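The values are calculated or read from the model by the stated rules, or taken from the named source; none is laboratory data. All of these numbers come straight from a predicted model, not from anything done at the bench. With ideal geometry, Cβ positions are generated from the backbone for all residues, glycine too; neighbour counts draw on all protein chains shown.
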Amino acid sequence: MITTVIDDITIHAFTCGQVKVKQSHRNPSPGAPVILLDPFWTDWLPIWVWVIEHPEGIIVVDTGENEQVTNDTYLRCGGVNGWINRKILRFDIQASLEIGNQLKALRIKPDAVRWVVLTHLHIDHTDGLKHFPRAEILVAKTEFKQPYGSVPCTFPQWFNPRLIDYNQSNRHFGKAYPVTTDGRVIIVPTNGHSHGHQSVIVRGSTLDVFLAGDTTFTEQQLHHRQVAGICLDKTMDSRTIDTIRQYCQDRPAIYLPTHDRASADRLKSHQLTRIVN
Ligand SMILES: [Zn+2]
């Protein structure tokens, strides 16, 4: 677990289990059939979740995995998507690493979390939702209406997120949704990995923290303008990658994908993402 401070905002990062994906899932590839048939797996990758202690309340960005996913029957309810998820993902997670338990180590009660922002609805981002029945959960309207690759039967029964429309204009991303009234934590659309994928930006006085979800697997892929093997729409994804690159050129920012092993270290050392054309 790492903790860093940006002005009066504290950000914690910890990984809720680990995931392996097919190599063709992470690296550029022709797409789904190749990923299903690929015999080669990546190493274990982190599943970072981010906890933002802001004066207006605690914000959790993505909720990581839960132990039940290692049970062979967990995804059976999910039909074809459940089957595909079983074939293309492997997980390593114990109950002690679920987000609710790790929050307790920070002396944060899950019920004290005011907002949970989901970057998208894939299981490794939603499976910790069960810890937050009292939070306001923010999901992009397009993501909820057109889920891609998600397994809704794994969502808690009470799951009824606030579907956000981005109601502010944003110079880079076109539009944004302010989570906090001071505008220092905003959500921006970063679609391509799924229809309504979104990212969270914490805007500090000297640098921004860009919580990127699965826009790319690594910072390296952003540098190389490399679209991951798994994505809904490569054109949309490329456009998102270019927009984030432009953002990082115009503002000092730390770009932090969910499955990049180096993300937490970059956050801890405030290592900016410097784009070289
Ligand atoms: Zn993911």
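Kindly establish whether VAL113 is in contact (Cβ under 8 Å) with a residue 12 or more places away in the chain and closer than 12 Å to CYS16 by Cβ.
no
Looking for whichever is in contact with a Leu (Cβ under 8 Å, 6 or more places away or on another chain), under 20 Å from ILE35 (Cβ atoms) and of a type in the set (A, V, I, L, M) here; the options are ILE230, ILE241, ILE201. Which one fits?
Exactly one of ILE230, ILE241, ILE201 is in contact with a Leu (Cβ under 8 Å, 6 or more places away or on another chain), under 20 Å from ILE35 (Cβ atoms) and of a type in the set (A, V, I, L, M), namely ILE241.
Residue by residue through region 104-143, note down the ones that are part of a strand (DSSP E or B) and either out of contact with any His (no Cβ under 8 Å at 6 or more places or on another chain) or within 14 Å of the ligand (Cβ to nearest atom) (or both).
Passing the criteria: VAL113, ARG114, TRP115, VAL116, VAL117, GLU136, ILE137, LEU138, VAL139.
Have a look at HIS197, HIS223, HIS270 and point out the one that is under 24 Å from SER29 (Cβ atoms), modelled with pLDDT of 95 or more and surrounded by fewer than 23 Cβ atoms within 10 Å (Cβ to Cβ).
Exactly one of HIS197, HIS223, HIS270 is under 24 Å from SER29 (Cβ atoms), modelled with pLDDT of 95 or more and surrounded by fewer than 23 Cβ atoms within 10 Å (Cβ to Cβ), namely HIS223.
Which residue pairs have Cβ atoms under 9 Å apart, sit 6 or more places apart or on different chains, and have a first residue in region 125-142 that is among the small types (Gly, Ala, Ser) and a second that is within 16 Å of the ligand (Cβ to nearest atom) and part of a strand (DSSP E or B)?
GLY128/CYS16; GLY128/VAL49; GLY128/VAL60; GLY128/VAL116; ALA135/VAL60; ALA135/VAL116; ALA140/GLN198
Every residue in region 253-277 that is out of contact with any strand residue (DSSP E or B) (no Cβ under 7 Å at 6 or more places or on another chain) and touching a residue at least 40 places away in the same chain (Cβ under 8 Å), please.
Passing the criteria: ASP260, ALA262, ASP265, ILE275, VAL276.
May I ask you to list the residues in region 180-198 that are touching a Phe, Trp or Tyr at 6+ places or on another chain (Cβ under 6 Å) and either in contact (Cβ under 8 Å) with a residue 60 or more places away in the chain or more than 14 Å from PHE144 (Cα to Cα) (or both)?
Within region 180-198, ILE187, VAL188, SER194 meet the criteria.
Residue-by-condition table, conditions (1) under 22 Å from ILE201 (Cβ atoms); (2) of a type in the set (Val, Ile, Thr); (3) at pLDDT below 95:
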{"site": "GLN102", "(1), (2), (3)": "no, no, no"}
{"site": "LEU118", "(1), (2), (3)": "yes, no, no"}
{"site": "ARG134", "(1), (2), (3)": "no, no, no"}
{"site": "THR180", "(1), (2), (3)": "yes, yes, no"}
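Considering only region 166-174, I want to know if a residue exists there that is of a type in the set (S, T, N, Q), buried (at least 20 other Cβ atoms within 10 Å of the Cβ) and assigned to a loop (DSSP other than H, G, I, E, B).
No, every residue in region 166-174 fails to be of a type in the set (S, T, N, Q), buried (at least 20 other Cβ atoms within 10 Å of the Cβ) and assigned to a loop (DSSP other than H, G, I, E, B).
If a residue must be more than 17 Å from HIS193 (Cβ to Cβ), among the polar types (S, T, N, Q) and more than 16 Å from the ligand (Cβ to nearest atom), how many such residues does region 21-74 contain?
4
From the list THR258, THR216, exactly one residue is within 15 Å of the ligand (Cβ to nearest atom), surrounded by 24 or more Cβ atoms within 10 Å (Cβ to Cβ), of a type in the set (S, T, N, Q) and closer than 15 Å to ASN27 by Cα. Which is it?
Just one listed residue meets the conditions, THR216.
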